[in-house]
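Colleague: Below is a structure I'd like to ask you about.
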Amino acid sequence: MIKQTNEGLIVNIKISPNSSKNEIIKDGEIFKIKITAQPIEGKANKALIEFLSKTFKIPKTSIKILKGETSKEKTILFITNNSEKLNLLNKAFE
């Protein structure tokens, strides 16, 4: 699910920690993000934010986990009003 808000873009994803490489995969209606980090002491969450930051060229401070801090299913908020970034995010998660 993708939702545009005044703050930016909210995206629901499913994370797969301990993967062989970092990547975004569309699985039906669900977006899975594979992360190489292990789900120990928040390492996977930190790696997820770093990966999304590098992939979409958005500062780490502009990416927040709204829900699912300890779950594989997460709700991510990309804080941006830049139309180019929003278009890039919408294309990536459509």
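The values are calculated or read from the model by the stated rules, or taken from the named source; none is laboratory data. In this text the structure is predicted, and so the values were computed from the model without any measurement. So basically every Cβ, Gly included, is an ideal-geometry build from the backbone, and we count neighbours across all protein chains shown.
Colleague: How many of the residues making up region 83-94 are in contact (Cβ under 8 Å) with a residue 40 or more places away in the chain and not aliphatic (A, V, I, L, M)?
Modeller: 3
Colleague: Restricting to region 66-78, give me the number of residues that are crowded, with 16+ Cβ neighbours inside 10 Å and either at negative phi or touching a helix residue (DSSP H, G or I) at 6+ places or on another chain (Cβ under 6 Å) (or both).
Modeller: The total comes to 5.
Colleague: Give the residues of region 29-50 that are in a helix (DSSP H, G or I) and small (Gly, Ala, Ser), sorted by residue number. Step through it out loud before you land on a result.
Modeller: The initial filter retains those residues of region 29-50 that are in a helix (DSSP H, G or I), namely 43-50.
Ala44, Ala47, listed by residue number.
Colleague: Okay, next question. Which ones in region 51-94 are under 17 Å from Lys3 (Cβ atoms), part of a loop (DSSP other than H, G, I, E, B) and not β-branched (Val, Ile, Thr)?
Modeller: Gly68, Asn81, Phe93, Glu94
Colleague: Looking at region 64-82, I want the residues that are closer than 14 Å to Phe93 by Cβ and have a partner that is part of a loop (DSSP other than H, G, I, E, B) with Cβ atoms under 8 Å, at least 6 apart or on another chain. Which pairs are those?
Modeller: Hits for this filter: Lys74/Gly68; Thr75/Gly68; Leu77/Thr5; Leu77/Glu7; Phe78/Ile58; Thr80/Ile58.
Colleague: Being of a type in the set (S, T, N, Q) and surrounded by 13 or more Cβ atoms within 10 Å (Cβ to Cβ) narrows it down to one residue among Asn81, Asn12; which is it?
Modeller: Residue meeting the stated conditions: Asn12.
Colleague: Among what's in region 37-52 and is within 15 Å of Lys72 (Cβ to Cβ) and crowded, with 16+ Cβ neighbours inside 10 Å, pick the residue that is modelled with the lowest pLDDT.
Modeller: Taking the candidates together, the pick is Pro39.
Colleague: If you scan region 1-45, which residues turn out to be free of Cβ contacts under 8 Å to residues at least 12 places away in the same chain and under 11 Å from the mean Cα position of the chain (by Cα)?
Modeller: If the condition is that a residue be free of Cβ contacts under 8 Å to residues at least 12 places away in the same chain and under 11 Å from the mean Cα position of the chain (by Cα), then Glu23 is the only one that fits.
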